[in-house]
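Written below as structure tokens is the structure these notes are about.
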């Protein structure tokens with residue numbers, strides 16, 4: 001086996017360990033296994049938590065994460081979807097009032113486990129971001 005093949009295999013093993021449920025960053029902090037400031041809940045419901053986004057590009061960027069391990073938000077059951085939608089609206093309203101800006105919400109997560117395509121995190125989460133522009137208006141001008 002040549003060195004590049006060994007490095008590729010080693011990298012795949014590392015990536016697998018990073019995204020398995022037992023080592024999922026999101027699952028760990030949701031269970032309280034973190035002391036990082038970015039892992040502190042700023043809002044919570046029965047099935048979801050809201051945390052500040054680590055490395056956010058603008059103040060007020062936050063993530064809504066299910067407490068159960070899901071690959072993406074399409075995997076939620078109907079009751080969880082209703083709870084999520086209510087929490088999302090609550091966060092959008094609170095963020096809009098606090099920052100006096102438009103607020104967008106988006107998910108750009110994985111479709112399959114253990115892939116480098118997507119955002120690189122195999123745990124469902126939705127970004128809630130205050131922005132200084134109207135996203136729809138900006139896209140329509142393109």
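Read the figures in this text as sums done on the coordinates, not as results from a lab. Given the structure is predicted, the values throughout are model-derived calculations rather than measurements.
Tabulated values for the structure
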| quantity | calculated |
| --- | --- |
| Measure of compaction for region 55-142 (Cα Rg per 2.2 N^0.38 Å) | 1.17 |
| Length released on extending from residue 56 to residue 28, taking residue separation times 0.36 nm less the Cα-Cα span | 8.1 nm |
